[in-house]
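Peer 1: Right, I'll just put the structure down here and ask away after.
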Amino acid sequence: MNAIETNSLTKIYSSSFGKKKITALNDFTISIPPGTIFGLLGPNGAGKTTLIKLLLGITFPNAGNSKILGKEVSDYKIKSRIGYLPENHKYPPYLSGKQVLEFFGKLSGMQGFELNRRIDEMLDLVKLEKWKKIKVKAYSKGMMQRLGLAQAMINNPDVLFLDEPTDGVDPIGRKEIRDILMNLKEMGKTIFLNSHLLSEVELVTDRVGILNKGKLIREGKVSELTERKQEYRIRVEGKLPQTITENLLAGQSITVLSDGAYSLKLNDLNELNSFIDQLRNNHIIITEVLPLKNTLEEMFISLIYESDKESVQ
Amino acid sequence: MKNILIITWFTLREAMARKVIIFFAGLSIVTLLITFAIIAVTDLNTLLQVQNQTNDPQIFKEIVSSIQLMIVNPLSGLCLLLAIFASSSFVPVMLEKGNIDLLLSKPVSRSQLLWGKYFGGVLVVFLNILFLVAGVWLIISFKFNYWNISFLYSVVIITFTFAVLYSLIVLCGILTKGSMLGMMLSYFIFLILSPLLLVFKEKIYMLIDNNIVKTVIDVIYYIVPKTAELLSKINVDLALGKPVSDFQPVITSFLFLVACMMSSIWLFNNKDF
């Protein structure tokens, strides 16, 4: 059973008089197994928040369906196993941090000693224990975000939806949130993450999906998506002799990188081994051979660019 | 049911935080103090003379009840005006972005959310009216040593009148995500339409000989909640311990409440946020 499953999910927003229609999500199908940290990436207006809202029953689809932990999202009782941190969340300003957690904990079906224990545990985890009796209107943006995370985890959910969880959080706080997420993953929780901070997504997620104009344009493991096919970084002592750089075959290329290393483009792995043999036969000392990778950001920008170009054509 | 109670309880806290309850309580305390001061210096002899002259304890009771109503009736009208103003934002605030998303992500059905907000608003007004009416009742009952329990029905009738208007405020809140329309319509019904329809029905209706006009008036009369009749006729009858002569205003107003709430729930259940 998948933790999150969608099948041809489509959402079209209409203007007040129904004349103008905007497709926020188009035929979106995905399966996320339990225990995965899944990152959803996309430019503003790509449909990321719409997707979360559809998965939580906050918005209704025009077509398709979705399941969480094997149950239809229309069954509101399944939400007792879900946690959600929305983007720009609002808490009643007259409540203290502890009261906010009490309210949402009770709504999630918790009560009594168990709820109080969990509130203390969560406030401690997000480092707000000293602020628990202070009204939330006095909280900073980063503190509100941490309280939001505590709120999302109050019912010990199996599936956690986080929309921009590190928004407004300082670098140390971000590291702490990343640690919390990794800890939750170890506990077998499924985390669905929406974030603009690609470097952060790269650090924590197992899989990512790229969404553009409501369409899922790529999905897979971060390592798979960022890999450059048959491109290697090679460093040697001194410089490569001209005989080697000049005797390249078709499809092969070699360029000098800014740090003095070489970027080598080959057709397959055999060619890499032949190239290394050639260097060794010439008594060249190899100090580094690494497969070259794009950063997630580079991959993201190039994919969005290609997708936009295709849609214009 | 548990979820409705949680939302109701937190709506009450919202009202307290917004000083709605404190403002009402302050107004009620001032009223009670003035009542106490006036009653304390009131000479009982005049009343007792009336009682002796007529030798009818019923007249004495009616005079005491009338004093109670004279104080509570205008105040309850004022309380309702304030209550409409204070409670009109409960639903729109709930529907604000960032707030509604969180609430709908919890294992609570949409109808439970709405009923919780509704009962919360009604409970705020009920507690305030109870404090005011029971306070006036206690002061006057102690002074005249006449304990007219029927007078406490005013709490129910005034709260019911608010509950009817509040259902309209909830419906408008869901429709517009704002408080203005609900507030304006409620004031219009409470201050203008309902009293006007009552006058039409009682005084002018019989003078009209055009059947179409009569039918139109009838339709509007039966659709619009009868706040004027609830507060004047039925409230007075019950407070004086008299049987209610006509339950039609209660029944039609209740049907209006049900229609508004059912429409609100249907709209809320099908709305995207």
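Each value in this text was obtained by applying a stated rule to the coordinates, not by laboratory testing. This structure is a prediction, so every number in the text was calculated from the model and none was measured. Every residue, glycine among them, receives a Cβ derived from its backbone with ideal geometry; neighbour counts consider all protein chains shown.
Peer 1: Return the average number of partner chain Cβ atoms within 10 angstrom of each residue Cβ along peptide A:105-112. Mind showing how you got there, number by number?
Peer 2: Details: counts 1, 8, 14, 4, 5, 0, 2, 0.
Partner Cβ neighbours, averaged per residue: 4.
Peer 1: Another one. So which lysines pass the test for B:Lys143, namely a Cα distance under 17 Å, with those fewer than 8 places away in the same chain ruled out?
Peer 2: In chain and number order, the partners are B:Lys61.
Peer 1: If you don't mind, another one. Pairs A:Lys98/B:Lys106; A:Lys11/A:Lys137; A:Lys21/A:Lys215; A:Lys77/B:Lys271; A:Lys106/A:Lys175; A:Lys19/A:Lys67: which exceed 23 Å Cα-Cα?
Peer 2: Where the Cα-Cα span goes over 23 Å, the pairs concerned are A:Lys11/A:Lys137; A:Lys106/A:Lys175; A:Lys19/A:Lys67.
Peer 1: On a 0 to 90° scale, report how tilted helix B:44-54 is relative to the longest principal axis of chain B, with both axes built from alpha carbons and the result rounded to the nearest 10.
Peer 2: With rounding to tens, the tilt is 70 degrees.
Peer 1: Next question. Using Cα positions and a limit of under 21 Å, work out the lysines in reach of A:Lys221, with same-chain residues fewer than 8 apart set aside.
Peer 2: Within the straight-line cut-off, A:Lys221 pairs with A:Lys48, A:Lys185, A:Lys189, A:Lys229, A:Lys293.
Peer 1: Rg/Rh for the protein assembly as shown to two decimals, with Rh computed the Kirkwood way over all alpha-carbon pairs. Let's see the in-between values first.
Peer 2: Numbers: Rg = 34.6 Å, Rh = 29.1 Å.
When Rh is taken as the Kirkwood radius, the ratio is 1.19.
Peer 1: Then there's this: Roughly how compact is region A:4-213, stated as its Cα Rg over 2.2 N^0.38 Å to two decimals?
Peer 2: On the way: Rg = 17.2 Å, N = 210, 2.2 N^0.38 = 16.8 Å.
That works out to 1.02 for region A:4-213.
Peer 1: Show that you can apply the helix-only estimate: for chain A, add -39,500 (n - 2.57) for every DSSP H stretch of four or more residues, divide by all residues, and state [θ] at 222 nm to the nearest 500.
Peer 2: Helices in chain A give a 222 nm mean residue ellipticity of -10500 deg cm²/dmol.
Peer 1: Just the number, please: percent antiparallel of the DSSP beta bridges in the protein assembly as shown, rounded to the nearest 5. Don't skip to the end; give the middle numbers.
Peer 2: On the way: 36 of 53 bridges.
Restricted to the protein assembly as shown, the bridges split so that about 70 percent are antiparallel.
Peer 1: In addition: Report for region A:4-213 the percent antiparallel among DSSP-assigned beta bridges with both residues inside it, nearest 5.
Peer 2: If we restrict to bridges inside region A:4-213, about 50 percent are antiparallel.
Peer 1: Does chain B come out rounded, prolate or oblate by the C-alpha gyration tensor, with a ≥ b ≥ c the root eigenvalues, rounded set by a/c under 1.5 and, if not, prolate when a/b is larger than b/c and oblate if not?
Peer 2: The shape class here is oblate.
Peer 1: How would you classify region A:228-293 from its alpha-carbon gyration tensor, with a ≥ b ≥ c the square roots of the eigenvalues: rounded for a/c under 1.5, else prolate if a/b is greater than b/c, otherwise oblate?
Peer 2: Since a/c stays below 1.5, the shape of region A:228-293 is classed as rounded.
Peer 1: Taking each residue of A:84-90 in turn, how many C-beta atoms of other protein chains fall within 10 Å of its C-beta, and what is the average?
Peer 2: For peptide A:84-90, the averaged partner shielding equals 5.
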